[in-house]
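The values are calculated or read from the model by the stated rules, or taken from the named source; none is laboratory data. Please read these numbers as outputs of a predicted model, since none were measured by experiment. Don't worry about glycine lacking a Cβ; one is built from the backbone with ideal geometry, like all the others, and counts go over all protein chains shown. Side chains included, ligands, DNA and RNA excluded: accessible areas come from the protein's heavy atoms. Shrake-Rupley method; radii C 1.70, N 1.55, O 1.52, S 1.80 Å.
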Amino acid sequence: MEKESKLGVFSYLDGWEPSGILTMNEDNTQVLSSAFSYGSKYLDRINAIEIDPVSLSLNDKAGIKHKALNPFGGMTYFGGIRDAAPDSWGRRVIESKLKAPPDSLNESVYLIHAGSNRVGSLDIRSSINDKPREGEVNWANLEYLMEAAARIDEGLPIPASLEVVYANGSALGGGRPKASIRDELGVQYLAKFSGVKDPYSIPDIEMATMRLASICGLTVPAVRVVQLGTKRVMMIRRFDRYFSKGQQSLNMTEMLTSMPGTGYMEKRLPFVSGLTMLNCHESDSPKKSYSDLASAIKKHCHTSVIKDDQRELYGRMIYNILVSNDDDHLRNHGFVLDPNIKGWRLSPLYDVMPRPSLAYDRNLHLSIGDHGRMATINNALTSHVLFDLSLEAAEEIVDRIYKHVREWKVYFESFGVQEKDIKLIDSAFRKMDDIRKNEYKTKTKHGLKY
Ligand SMILES: Nc1ncnc2c1ncn2[C@@H]1O[C@H](COP(=O)(O)OP(=O)(O)OP(=O)(O)O)[C@@H](O)[C@H]1O
Ligand SMILES: [Mg+2]
């Protein structure tokens, strides 16, 4: 049945501010159309932030005043708003709370039930007069959260004693059980739980893979694993939250290591996914490429970071090839609006997991070069021009990253990963001889020899 909803959209500037009204037309679970009007008071603010850089840009504030805007390119849903909605895990939590069957609710219902601590700096409420719902979940509740998450994972009802999971369990996206929690010092982490059916300790492997990426020179938030009873939990620091005093401006590394203290306020960084930057639907993600993301960096990111972000993205592509992370879909790439440069930039790295495989020929989710999604270094070296990198610069990135990845076992042991888990994921890590063949040397589309 068709239904129209009018929802209040809020942005966290120095506190919550109403940004505008979102109108959604839906037919059961389908979003038929959306429109958004920025509030004029919001547009008058010098620190107003755009909800979506593609469809709701603030480049022409005067031109969009009192106008109902629609998603760009015939899309029915704004990417920036979709990024603030829950994914499959958060939807299970909301369905458990509302006692509804899987995927049965309107998108607008999922949108308003995700709470006010979602990724980035947006909140969506049932009306512009609604108050935020900031369910706080702290360290002491982690064990209850995990128990509740396991029950939801198994489709079991949640007893009142475990309802803490509803406070923050659906605030962040993704498919695995997780919650946003605050540690004893007051810093927020995304806690990713182990599942009953995991073949090895996914929290340990994810932590070690992220730390290794950091050693390879990629930008990675702090990660650690905690043991709770018999369960392991991976904690990754939230890169969309940081602490600063007054108008103090911090660079990305300082934001990622900032701590609460007297006079310090917790701030929120706006976030959009790669899907939003490429203005495409989830189902089109496998048709996209790393070079499409490199073009989006050029088009939407601040000029001061374009070169570094393209280099970082190329490095992430190489790392994903080397560790066989084929879950590199466009929602696993993100961008944040950096107040220091007043522009968009690549977010720190997240959600990288090696996938063990017996296959010699492997693909990533996104295309890499002239040979499509084929996960080889030869293929990656065909596309360096599209990242504005010389062949030498691209080769240097490969060498820098492989120098560490080839030693992965030593690193993983030093991070405390168990021997049996190392054995189980061994086949995910590629040997250079298998993915870089001199006989494949060809002329590339771009006329450069490799
Ligand atoms: N460190 C972080 N800080 C802030 N937001 C994060 C962080 N890590 C992930 N996110 C956000 O939370 C979402 C879910 O996290 P993540 O991708 O790690 O979960 P997942 O369940 O493994 O996902 P998938 O379904 O892709 O396997 C991401 O898409 C991103 O929007
Ligand atoms: Mg993910």
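Things worth noting here:
- Residues that are out of contact with any Ser or Thr (no Cβ under 9 Å at 6 or more places or on another chain) and in a loop (DSSP other than H, G, I, E, B) within region 177-199 comprise Asp183, Glu184, Leu185, Gly186, Gly195, Val196, Lys197, Asp198, Pro199, listed in sequence order.
- Counting the residues of region 151-188 that are of a type outside the set (A, V, I, L, M), modelled with pLDDT of 85 or more, within 16 Å of ligand 2 (Cβ to nearest atom) and open to solvent by less than 20 Å² (accessible area, probe 1.4 Å) gives 3.
- Candidate set from region 307-343 (those that are open to solvent by less than 10 Å² (accessible area, probe 1.4 Å), farther than 19 Å from Ala208 by Cα and among the hydrophobic types (A, V, I, L, M, F, W, C)); member that is farthest from ligand 1 (Cβ to nearest atom): Leu313
- Some residue of region 424-432 being free of Cβ contacts under 8 Å to residues at least 12 places away in the same chain and among the acidic types (Asp, Glu): no
- Boolean, Val226 is within 20 Å of Ser273 (Cβ to Cβ) and either open to solvent by 10 Å² or more (accessible area, probe 1.4 Å) or assigned to a loop (DSSP other than H, G, I, E, B) (or both): no
- Residue in region 258-279 that is among the small types (Gly, Ala, Ser), more than 18 Å from Arg373 (Cβ to Cβ), more than 15 Å from the chain's Cα centre (by Cα) and within 16 Å of ligand 1 (Cβ to nearest atom) present: yes
- Residue within region 68-87 that is buried (at least 18 other Cβ atoms within 10 Å of the Cβ), over 22 Å from Cys280 (Cβ atoms) and in contact with a helix residue (DSSP H, G or I) (Cβ under 8 Å, 6 or more places away or on another chain) present: no
- Close contacts from region 216-238, counting a first residue that is touching a residue at least 60 places away in the same chain (Cβ under 8 Å) and within 16 Å of ligand 2 (Cβ to nearest atom) and a second that is of a type in the set (Ser, Thr, Tyr) and open to solvent by 50 Å² or more (accessible area, probe 1.4 Å), with Cβ to Cβ under 7 Å and a gap of 6+ residues or different chains, come to Val220/Ser214.
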